[in-house]
1. Does segment 100-114 include one or more residues that are charged (D, E, K, R), over 17 Å from Asp202 (Cα atoms) and under 11 Å from the mean Cα position of the chain (by Cα)?
2. Hey, does segment 224-238 have a residue that's over 30 Å from Ala136 (Cβ atoms), in the same structural domain as Lys129 (by TED's automatic domain parsing) and either part of a loop (DSSP other than H, G, I, E, B) or of a type in the set (Lys, Arg) (or both)?
3. Looking at (1) surrounded by fewer than 18 Cβ atoms within 10 Å (Cβ to Cβ); (2) in contact (Cβ under 8 Å) with a residue 40 or more places away in the chain, can you tell me which one Thr177 breaks?
4. Suppose the filter is in contact with a strand residue (DSSP E or B) (Cβ under 6 Å, 6 or more places away or on another chain), crowded, with 20+ Cβ neighbours inside 10 Å and more than 19 Å from Glu204 (Cα to Cα); does Val130 pass it?
5. Kindly indicate whether Gln65 is out of contact with any Pro (no Cβ under 7 Å at 6 or more places or on another chain), at pLDDT 85 or above, buried (at least 16 other Cβ atoms within 10 Å of the Cβ) and polar (S, T, N, Q).
Amino acid sequence: MTGTTTLPAAAAESPRSETPSAVIDRVSLVLDAFDGPGRLTLAQIVRRTGLPRSSAHRMLERLVQLRWLRRNGRDYELGMRLVELGSLAVHQDRLHKAAIPRLHELHAATGLVVHLAVLDGTDVVYMEKVGDRMAAAIPTRVGGRRPAHCTAVGKAMLAFADDAADTLEADLLPRLTKYSISTHAQLRNELLKVRSHGTAFDREESLPGLGCVAAPIGDPGEAVAAVSVCGPMSRMMFDQRLVAPVRMAAMGIWRAVEDGPVRVAPTLQQMRPLRVGPAATAGPRPQHVAPRKLA
């Protein structure tokens, strides 16, 4: 699930060891300095990038003219052109297009907040978030990051990544709560369970008081993305009552991705609204249908 991973203040303000000379690399360096909340001054950008002050200032002013950045007094922030391009990138994505209707179906069936995420290195990046009033209580956002080993969507994807253990190099993994996985041994055991059951859980490992159930999206034994339902622990059920609809949604998304725009009708049975809570009773389990491979 999301927020944005922040660097320690000292690391965030220290100049890079090498200052790139190519213009495109410098532009990328400047824009990457805004990877976090809030506005930045020229002095902060110089410290974060290591660029000469005059060069940084000229580049910032040109980016303002191009609407990639906005200037408010002496402060700079990301501009509307980046918002426009970012939105286009998401909505042109084939996976995102295939997922949208099924994410809304999953939200309607469970009443919980639904996330679509992809793996980027050791983090998950959220591509979509669907929910009602409960969504505001979960501090995730489209484009936000979270350490993969602390989230259900992250574990759902790491379990099917051949180099999962190698990508997490630290001896001790960073913890977001007291329930977070903190050692490689714990992570290996957890990923074995995910591979065995095809579902991943987050019990207050990313955010206190919140839980998630996730399933990988992709061919059997692979994961290109993951889908999850999240909510307060009092409303979460870590059994077939949530596992079944989440796995159905994951399979439906992948089937739509493979079939593309010619797909006319789903072959999975439609999900029925699900009462979520301690008093809820399990209904009939949806039929498990393996994703269909195209010739």
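1. Step one: of segment 100-114, the residues charged (D, E, K, R) are 102, 105.
Narrowing the set further to residues that are over 17 Å from Asp202 (Cα atoms) leaves 102, 105.
Add one more test, that the residue is under 11 Å from the mean Cα position of the chain (by Cα), and what stays is none.
Looking for residues that are charged (D, E, K, R), over 17 Å from Asp202 (Cα atoms) and under 11 Å from the mean Cα position of the chain (by Cα), one finds none in segment 100-114, hence no.
2. Of the residues in segment 224-238, the ones over 30 Å from Ala136 (Cβ atoms) are none.
Checked segment 224-238: no residue is over 30 Å from Ala136 (Cβ atoms), in the same structural domain as Lys129 (by TED's automatic domain parsing) and either part of a loop (DSSP other than H, G, I, E, B) or of a type in the set (Lys, Arg) (or both).
3. Here Thr177 meets the rest and fails (2).
4. Details: in contact with a strand residue (DSSP E or B) (Cβ under 6 Å, 6 or more places away or on another chain): yes; crowded, with 20+ Cβ neighbours inside 10 Å: yes; more than 19 Å from Glu204 (Cα to Cα): yes.
In short, yes.
5. Values: out of contact with any Pro (no Cβ under 7 Å at 6 or more places or on another chain): yes; at pLDDT 85 or above: yes; buried (at least 16 other Cβ atoms within 10 Å of the Cβ): no; polar (S, T, N, Q): yes.
Here the answer is no, as Gln65 does not meet what is asked.
The values are calculated or read from the model by the stated rules, or taken from the named source; none is laboratory data. Just so we're clear, the structure is a prediction, and the values are computed from it rather than from any experiment. Note that each Cβ is placed from the backbone with ideal geometry, even for glycine, and that neighbours are counted across all protein chains shown.
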